[in-house]
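**Student:** The structure that follows is given in the form of structure tokens.
Just so it is clear, none of the values below were taken in a lab; they were calculated from the coordinates. Predicted model only: the values in this text are computed from it and were never measured. Cβ sites come from the backbone with ideal geometry, for glycine too, and all protein chains shown count toward neighbours.
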There are 2 protein chains.
Amino acid sequence: MALLQDFAAIVGAENALTGDDVAPWSKDWTGKYCAQPGVVLRPASTHEVSRIMALANAERQSITPVSGHTGLVGGTYAPGGVMLSLDRMNTIHDINAQGRTAVVDAGVVLSSLHGAADAEDLIFPLTFGAKGSAMIGGVMSTNAGGSNVLRYGNTRDLVLGLEAVLADGRVVDLMSSLRKDNSGLNLRQLLIGSEGTLGVITKAVLKLHPKPRAYATAMVAVATLYDALELLNRVQDATGGSVEAFEYMPRHYIDVHMARVSGAREPFDAPHDINILVEVATTTQTDITDTLQQIMANMMEQGAILDAVVAQNEAQRGAMWERREAAAELTFWRQPIVDTDVAVPLDKVPEFLDRASARIAEADSGAEPFYIAHLGDGNIHYGVYPSRDDDALKDRIVELIEDTVQDLGGSFSAEHGVGLSKLNTMRRRKDPVALDMMRKIKTVLDPNGILNPGKLIPD
Amino acid sequence: MALLQDFAAIVGAENALTGDDVAPWSKDWTGKYCAQPGVVLRPASTHEVSRIMALANAERQSITPVSGHTGLVGGTYAPGGVMLSLDRMNTIHDINAQGRTAVVDAGVVLSSLHGAADAEDLIFPLTFGAKGSAMIGGVMSTNAGGSNVLRYGNTRDLVLGLEAVLADGRVVDLMSSLRKDNSGLNLRQLLIGSEGTLGVITKAVLKLHPKPRAYATAMVAVATLYDALELLNRVQDATGGSVEAFEYMPRHYIDVHMARVSGAREPFDAPHDINILVEVATTTQTDITDTLQQIMANMMEQGAILDAVVAQNEAQRGAMWERREAAAELTFWRQPIVDTDVAVPLDKVPEFLDRASARIAEADSGAEPFYIAHLGDGNIHYGVYPSRDDDALKDRIVELIEDTVQDLGGSFSAEHGVGLSKLNTMRRRKDPVALDMMRKIKTVLDPNGILNPGKLIPD
């Protein structure tokens, strides 16, 4: 097509991929949204992104931005379409140790940023299993969460400034590195989490945090989830709110992990139903492992916990984290799956799990729930393997989970975003006035509807 | 007018004020935006706000929302207009000690919320001089800052959910109490800081924090502002980032404070040029005053600070804070004034002060700068008393300050908002693409332009 040649003239022919060359962008590792795009454009600069969007807008050509391609909700699904990959824009421009900020391009891989911050004795705290592939652009577009949200917040809490290219190719410069900036409507927070529907994020100023002097990490077994919440409060109180991660792995998760990952082992001598990974970090003391060990010993004595193993070295800590970070792979390994990503108030998590399981068992007695939770955030990745691959049944299960979430004042979309997979849920569950506002904002900022159409905001 | 009767029918005649009854809403204590509104409507519920807006929209009647009326930028200026006061909607619906959240109406006074949280051993950390009058609605509409931003963030970091009435009277329900909620565009952050131009905030879910077990507060004198930043880093490092406030009061501020406030005294035995109020808080230890005293003693010995007084009791702490919190009154006591509220990267504060003073002296050799700073945020309330009341001269001074801020990568509006007073600055300094996005969003959400017209977003 002529348009392809015009695009190729902007990025160079070798960066306008078609045919077999788009294979890496055709996969979707949830297994649900595999499709070959028609073209993948790989611009090298904001200027090139701007030219692509201006041309696309003039020609009413839809564009689907993509960076690390590790999303879980089909947010980059574009069969036969034009994908705009940010992967070549991968420069870390600045790590400012004094100001504790990083200036990075959208295509920087999350773990590269981790490394660059570490070299300055700082951290970019956001982390999750796909950190070796996920890129900052996608992290920001989806307002990614992960395991350290409890302590440091979501992506939107870690972004000071950004640059984005709008649907018509204009570049909006919001590259502030200030902690305080009340100059008009907050466009930064509007673009973060907009899943590529309002603009293509090309650059960011991110907050860095001081690197903890020491981490202490433990696996803890408890009898009930209420005991787990008590454990969280006890550790928070004893450490001045220094808990970085509080992750719940149920029995079935440990079993699947052991079955599928070579070298994987039980966290404790005896198997337990409720397995908690807790991590604490401090910037002042160095003996925090002793502190954690002491808390565990006291709680064991009081019968408040069933067992505990405190990591004695980095290798043991690493093994604890590897078990947790295998979650996405272990979840999507088996198909068909109904996967959700819900949040409820912390003290409602046990009730959610009980009610959801009971309702699903009624609808499909052969269904098997498979879940794991950022328990400290009330965020549950609640999946279900239905007894048969039947779309009506799968929809029914999703609705039952949504009903349960809604009854408990929760959200049907905690951290993975909406993309395609939760579009029906958005339509059914989101406040209709809020939906109308979103549609209006989308329409006025992208009047031709070319930016990642069909995602996030239901018609 | 007939419309007034229709409004009165909604709120009751006794809550549709005119004539002398609007006097409390006619004052503006900056002295710059005094004007009598035509009507003040005082609805008692979201439903009444909704009916007011629906009627106003149908009749193309502008509405200016107001709550505590303590803003500093003319954000509620409405000569002869219709003001919608939220002051009767002042219920604290819930303080959830377990979930650490508060559900409040927009008309709740900030200090009332402080009291209610305190009763549950929690804090709502946002605080500033006007806390006894400022209300949550205004706090949210302006994304207010204050003295604890360093530790807890601005208002937008403390809001989990909100409810607002749109220009057409529809109510948008975003009353989530979740820490994680990725369900669509972030309308909450769009409404926070929108200064009543996109909707009337009627209710909120706010984050509460654990109440520190102990505070330690000191006045410290240093030789240079670079020494002050070194002091901040030293105290942060020694306390694991527990600094809640780090406020800079220059010599001229102390002088004016002593001249105008009865009983006011020098912070130290000898007068110093650079006076810092530093406050540290902890939820784990109780002896933090000792810790702070130790740090001060070490730094004195090393010659890193000139003098220090650590508060030994709540009365001494109170006196230190009273000095700081008199700032707005002391600033606006004298007229004419050019007042600004700028932010620059932390390490650029000394350079900003030097450059701005030099430039202003060139333009007006009789001008007297008067400033105070949230130094830990790089936020300077930089005022200038020009030698004569001349609009062209005042504009020139504003532009010189803006130039200096822009040169140093700062913001012309840190925490007070834009309102009327920074509208020209927005026009001149804000990224034009960002301005265009703001105008489009305003137009699509308030097509008749009835919500607080002429504020925040320049034409």
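**Student:** Compute the distance from the alpha-carbon center of region A:266-343 to that of region B:384-419, in whole Å.
**Tutor:** What the calculation gives is 53 Å, centre to centre.
**Student:** Net charge within 9 Å of residue A:122 by Cβ-Cβ distance, Lys/Arg positive one each and Asp/Glu negative one each, not counting residue A:122 itself?
**Tutor:** Residues near residue A:122 contribute -1 overall.
**Student:** Give me D for chain B in µm² s⁻¹, whole number, from Stokes-Einstein with Rh from the Kirkwood sum over alpha-carbon pairs, 10 °C and 1.306 mPa s.
**Tutor:** Working: Rh = 23.2 Å.
Translational diffusion coefficient: 69 µm²/s.
**Student:** Given the Cα atoms of region A:214-328, and with Rh set as the inverse mean 1/r over their pairs in the Kirkwood sense, what is Rg to Rh to two decimals? Let's see the in-between values first.
**Tutor:** Details: Rg = 13.5 Å, Rh = 14.2 Å.
With Rh from the inverse mean 1/r over Cα pairs, Rg/Rh is 0.95.
**Student:** Can you list the copy-to-copy distances for residue B:3, using a point 7 angstrom from Cα toward Cβ, in nanometres, shortest first?
**Tutor:** So the distances to the same position in the other copies read 4.7 nm.
**Student:** If you don't mind, another one. Please identify the trypsin sites (Lys or Arg not before Pro) of region B:351-440 that satisfy two criteria: DSSP loop assignment and at most 11 other Cβ atoms within 10 Å. Which are they?
**Tutor:** Values: sites: B:355, B:359, B:388, B:394, B:396, B:422, B:427, B:428, B:429, B:430, B:439, B:440; in loops: B:388, B:422, B:430.
Listed in order of number, the matching sites are B:388.
**Student:** Could you let me know the centre-to-centre spacing of region B:433-458 and region A:230-250, using Cα atoms, in angstrom?
**Tutor:** Using only Cα atoms, the two centres lie 44 Å from each other.
**Student:** If you average the sequence gap of Cα pairs under 8 Å that are 6 or more apart and divide by the length of region A:214-328, what percent do you get for the contact order?
**Tutor:** Answer for region A:214-328 is 44 percent.
**Student:** About the Cα centre, and with charges only on the beta carbon of Lys, Arg (+1) and Asp, Glu (-1), how big is the dipole of the protein assembly as shown? Nearest 20 debye, please.
**Tutor:** It works out to roughly 1680 debye.
**Student:** Could you point to the residue in B:33, B:22, B:67 farthest towards the positive end of region B:2-85's charge dipole, with +1 and -1 charges on the Cβ of Lys/Arg and Asp/Glu respectively?
**Tutor:** Projecting each Cα onto the dipole axis, the largest value belongs to B:33.
**Student:** Let me ask something else. Quick check: the angle from helix A:314-325's long axis to the longest principal axis of chain A, C-alpha only, nearest 10 degrees?
**Tutor:** Tilt relative to chain A: about 60 degrees.
**Student:** What FRET efficiency do you get for residue A:175 and residue B:47 if R0 is 35 Å and r is their Cβ-Cβ distance, rounded to the nearest 0.05? Please list the in-between numbers first.
**Tutor:** Numbers: r = 43 Å, r/R0 = 1.22.
Taking R0 as 35 Å, the efficiency between residue A:175 and residue B:47 is 0.25.
**Student:** Reachable lysines from residue A:131, Cα under 28 Å, same-chain residues fewer than 8 places away excluded?
**Tutor:** A:27, A:32, A:203, A:207, A:211, A:422, A:455, B:180
**Student:** Still on this model: Along the principal axes of its C-alpha atoms, what lengths does region A:334-416 span, in descending order and rounded to whole Å?
**Tutor:** Result, largest extent first: 33, 22, 16 Å.
**Student:** Something else now. Antiparallel as a % of all DSSP beta bridges within chain A, to the nearest 5? Walk me through the numbers before you get to the answer.
**Tutor:** Numbers: 58 of 67 bridges.
For chain A, the DSSP antiparallel bridge percentage is about 85.
**Student:** Based on the Cβ-Cβ distance of residue A:262 and residue A:388, what FRET efficiency does E = 1/(1 + (r/R0)^6) give at R0 = 25 Å, to the nearest 0.05?
**Tutor:** 0.20
**Student:** For residue B:245, list long-range residues whose amide hydrogen, built 1.01 Å from N in the peptide plane, is under 5 Å from its own amide hydrogen.
**Tutor:** Under 5 Å from the amide H of residue B:245 lie the amide H atoms of B:279, each far enough along the sequence or on another chain.
**Student:** Write out the trypsin sites (Lys or Arg not before Pro) in region A:88-180 meeting two conditions: DSSP loop, and at most 12 other Cβ atoms within 10 Å of their Cβ.
**Tutor:** Details: sites: A:88, A:100, A:131, A:151, A:156, A:170, A:179, A:180; in loops: A:88, A:100, A:170, A:179, A:180.
In loop regions of region A:88-180 (DSSP not H, G, I, E or B), there are no sparsely surrounded trypsin sites (Lys or Arg not before Pro).
**Student:** Using unit Cβ charges (K, R positive; D, E negative) and no other charged atoms, how large, in debye to the nearest 20, is the dipole of region B:334-416 about its Cα centre?
**Tutor:** 160
**Student:** Taking Cα centroids, how far is region B:1-72 from region B:109-187 in Å?
**Tutor:** Taking the Cα centre of each part, region B:1-72 and region B:109-187 sit 23 Å apart.
**Student:** Sticking with this structure for a sec: Among A:17, A:408, rank each residue by its count of other Cβ atoms within 10 Å, from fewest to most, as a rough exposure measure.
**Tutor:** Details: A:17 22, A:408 19.
Ordered from fewest to most neighbouring Cβ atoms within 10 Å, A:17, A:408 come out as A:408, A:17.
**Student:** Which distances, in nm and shortest first, link the residue B:444 label point to the same label point in every other copy, taking 7 Å along Cα→Cβ?
**Tutor:** 0.7
**Student:** How high is the relative contact order of region B:334-416, in percent, with contacts defined as C-alpha pairs under 8 Å that are six or more residues apart? Can you show the working numbers first?
**Tutor:** On the way: 136 pairs, mean separation 37.8, N = 83.
This gives 46 percent for region B:334-416.
**Student:** Relative contact order of chain A: what whole-number percent is it, with Cα pairs under 8 angstrom and at least 6 residues apart?
**Tutor:** Computed over chain A, the figure is 16 percent.
**Student:** Quick check on the exposure proxy: order B:287, B:168 from fewest to most C-beta atoms within 10 angstrom. Intermediate values should be presented prior to the final figure.
**Tutor:** Values: B:287 13, B:168 17.
The fewest-first ordering by Cβ neighbours comes to B:287, B:168.
**Student:** Estimate the FRET efficiency between residue A:358 and residue B:92 by the formula 1/(1 + (r/R0)^6), using the beta-carbon distance for r and 35 Å for R0, to the nearest 0.05.
**Tutor:** It comes to 0.45.
**Student:** Residue by residue, what Karplus-based ³J(HN,Hα) values in Hz, rounded to whole numbers, does region A:113-127 have, using 6.51, -1.76 and 1.60 with θ = phi - 60° and x for Gly and Pro?
**Tutor:** 5, 3, x, 5, 5, 4, 4, 9, 6, 10, 10, 9, x, 4, 7
**Student:** List, shortest first and in nm to one decimal, how far the label point of residue A:35 (7 Å from Cα along Cα→Cβ) is from its counterparts in the other copies.
**Tutor:** Residue A:35 label point versus its equivalents elsewhere: 5.3 nm.
**Student:** If you add up the charges near residue B:272, with Lys and Arg at +1 and Asp and Glu at -1, over every other residue whose beta carbon is less than 14 angstrom from its beta carbon, what do you get?
**Tutor:** Values: positive: B:251, B:265, B:323; negative: B:227, B:255, B:266, B:269, B:273, B:307.
Within the 14 Å Cβ shell, the charges total -3.
**Student:** Residues in region A:179-220 near a label at residue A:427, defined as backbone nitrogen under 14 Å from the 7 Å Cα→Cβ point?
**Tutor:** Flagged as within label range: none.
**Student:** Let's see if you can work this out: charge +1 on each Lys and Arg Cβ, -1 on each Asp and Glu Cβ, no other charges. What is the dipole magnitude of chain A about its Cα centre, in debye to the nearest 20?
**Tutor:** Details: 41 positive and 59 negative charges, 236 e Å.
Computed charge dipole of chain A: roughly 1140 debye.
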